[in-house]
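The values are calculated or read from the model by the stated rules, or taken from the named source; none is laboratory data. What you see is a predicted model; the values in this text were computed from it and never measured. In this analysis, Cβ positions are derived from the backbone assuming ideal geometry, glycine residues included, and neighbour counts consider all displayed protein chains. Just the protein is used for accessible areas: all its heavy atoms, side chains included, with ligands, DNA and RNA removed. Shrake-Rupley method; radii C 1.70, N 1.55, O 1.52, S 1.80 Å.
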Amino acid sequence: MKPIYVTQPTLPPLTEFIPYLEQIWDNKILTNGGTFHQQLEQALCEYLGVKHLALFANGTIALITALQALRITGEVITTPYSFVATAHSLLWNGIKPVFVDIDPTTLNLDPDKIEAAITPQTTAIMPVHCYGYPCNVARIQDIADNYNLKVIYDAAHAFGVKDNNGGLLNHGDLSVLSFHATKVFNTFEGGAIVCPDEKTKRRIDHLKNFGFVDEVTVVAAGINGKMSEINAAFGLLQLKGIDDALAKRKMIDARYREGLKNVAEIRCTNVGKHSANYAYFPIFVEHNRDALYEKLKANNIFGRRYFYPLISDFPMYRGLPSAAQSNLPVARQMANEVICLPMYANLEPEQQNFIIELITTGEKNECK
Ligand SMILES: *Cc1c(COP(=O)(O)O)cnc(C)c1O
């Protein structure tokens, strides 16, 4: 059997991409906010139900720029249970990350633990909608309002996730998306900042283009964060198939849940059906997670232990007081138990059955 990885991009037929390339070759505009860039911003605003959105070359530069746009300094409260870019974006801005433990159900920042971590240096909260599961946005906003803090969501996993008020991405001061090849919606590499008003969008557009406002005016020490026309064109094409891809993911999610429901020592997540984009399928293995991980690997199934190790365990973070073992017990337990199983639109039912069988027929100490 061919290797099965945790994810695989959905690629439209190559012939469908050719007309986009022809248009780029005709226009000879390769980047700097060309037609496809404008069209994709517009199309994503409509699809995601957001007012303004600025495309970026990748999600990490978008995170770094979001922090710059709001002039965040000092300390920022964030989660250790995420991809390392979340905290790296803080370090790149000279900001001190302060890690707060997560809620065992949502796997996101535990709102009950945020206040205790606030100091006079705290200027913002950077929560992550981990696996696309919504944070408790109402509680987080309450705390932010009480202490006059900004909220920047790392929404890299949360493409298209809805909540009761429509788009989840409308919460906080800014939300940041990633369109990396491994994400639900991809532009090879790419990202975006969702912002509530035109003024903020303008500032972000300046920042992602070296700070240029016009030919001779530079208003900030900006960076080059622009998305190229080829990436934007691919995004437009990818967007046409996104609903179909999400529907397929939903079926795969249901099949895993059904197939694994009787395995006593494996927990699946339970965060409510309306609020998911089926971006990931994490399972939590109570004992001996790595034995199951290795067994899958030996059978050419490459699950990933997202998010192990915790960000707070990496060398540039582990000396921080908030990285202490005793501060993050829930995050640590989850990191020690998690395996993200293969999840992508074109995962075949036979492949999925094989994965489920491997898990359910394990020896007692491996997965029962
Ligand atoms: C993927 C990801 C990022 C980084 O996005 P890139 O587009 O790869 O730079 C940031 N945060 C989280 C939680 C991610 O999963």
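It is to be established whether one or more residues within the range 140-155 are outside any loop (DSSP other than H, G, I, E, B), buried (at least 24 other Cβ atoms within 10 Å of the Cβ), within 16 Å of the ligand (Cβ to nearest atom) and touching a residue at least 60 places away in the same chain (Cβ under 8 Å). Talk me through it step by step, then tell me what you get.
Initial filter on the range 140-155 (outside any loop (DSSP other than H, G, I, E, B)): 140-147, 150-154.
Filter once more, so that each one left must be buried (at least 24 other Cβ atoms within 10 Å of the Cβ): 152-154.
Subsequent filtering for residues that are within 16 Å of the ligand (Cβ to nearest atom) retains 152-154.
Filter again for touching a residue at least 60 places away in the same chain (Cβ under 8 Å), leaving 152, 154.
Yes: one or more hits.
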Looking across the range 156-167 at residues that are away from the ligand (no atom under 14 Å from the Cβ) and not in a strand (DSSP E or B), the single one that is surrounded by the fewest Cβ atoms within 10 Å (Cβ to Cβ) is ASN164
Does the range 245-257 contain at least one residue that is outside any helix (DSSP H, G or I) and hydrophobic (A, V, I, L, M, F, W, C)?
no
Residues that are closer than 21 Å to ALA192 by Cα, of a type in the set (A, V, I, L, M, F, W, C) and out of contact with any Asp or Glu (no Cβ under 7 Å at 6 or more places or on another chain): list the helices (runs of 4 or more DSSP H) wholly contained in the range 1-110 that include at least 1 such residues.
35-48, 59-69, 85-91
Picking from LEU21, LEU40, LEU14, which residue would you name as being among the hydrophobic types (A, V, I, L, M, F, W, C), closer than 21 Å to LEU246 by Cα and either outside the structural domain of SER175 (by TED's automatic domain parsing) or open to solvent by 30 Å² or more (accessible area, probe 1.4 Å) (or both)?
LEU14
Those residues of the range 189-216 that are near the ligand (Cβ under 10 Å from one of its atoms) and open to solvent by 60 Å² or more (accessible area, probe 1.4 Å) come to a total of 1
Does LYS183 meet the test of being buried (at least 20 other Cβ atoms within 10 Å of the Cβ) and within 12 Å of the ligand (Cβ to nearest atom)?
yes
Return yes when PRO120 is without any contact (Cβ under 8 Å) to a residue 40 or more places away in the chain and touching a helix residue (DSSP H, G or I) at 6+ places or on another chain (Cβ under 6 Å) and no when it is not.
no
